[in-house]
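The numbers here are math on the coordinates, done by the rules we state, and not lab data. No experiment lies behind these values; they were computed from the predicted model shown. A quick note on method: Cβ atoms are made from the backbone with ideal geometry, for glycine too, and the neighbour counts reach across all protein chains shown.
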Amino acid sequence: MISKDYIIMAPQGIHARPATTLIRLTKNFKSAVSLKCGDKVVRLNSMLNILSMTIKGGDTISVIVEGEDEADAADAIGLFFTEQLREL
C-alpha cells in the first residue's frame, strides 16, 4: 500500500472536469485507489464519490493506492495532482 499527501493547488479545487480525468486515469491500473480528505475516504471509481468530498483549493488530501501495480499508479496520480490539475 502506498499513501501520499497532496495540497490541492487549483483554486477551484476538484470539480467535474478534474474528477472525470482522475477516474479515467485510475481505470488504467488494476490497483484500488482511494481518496481521503479529513475523515472521509472514497474510492476513485465514481464522480459522485469524488464530488461528495467537496475538495477546495488549499485542502490537503491523501491518495491511497493498493494493488499489484500500485507504484505505477501512484506515480501517475502524483503527476496528475502536481502538474495536470492546475490546467483543468
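Numbers below:
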quantity: Under 16 Å from K36, Cα to Cα: lysines that are on another chain or at least 8 residues apart; calculated: K4, K56
quantity: Most positive-pole-ward Cα, M53, I77, I2, against dipole of the chain from beta carbon charges; calculated: M53
quantity: Translational diffusion coefficient (Stokes-Einstein; Kirkwood radius from C-alpha pairs) of the chain at 25 °C, 0.890 mPa s, in µm²/s; calculated: 195 µm²/s
quantity: Helix-only mean residue ellipticity at 222 nm for the chain, each DSSP H run of n ≥ 4 adding -39500 (n - 2.57), per residue, nearest 500; calculated: -8000 deg cm²/dmol
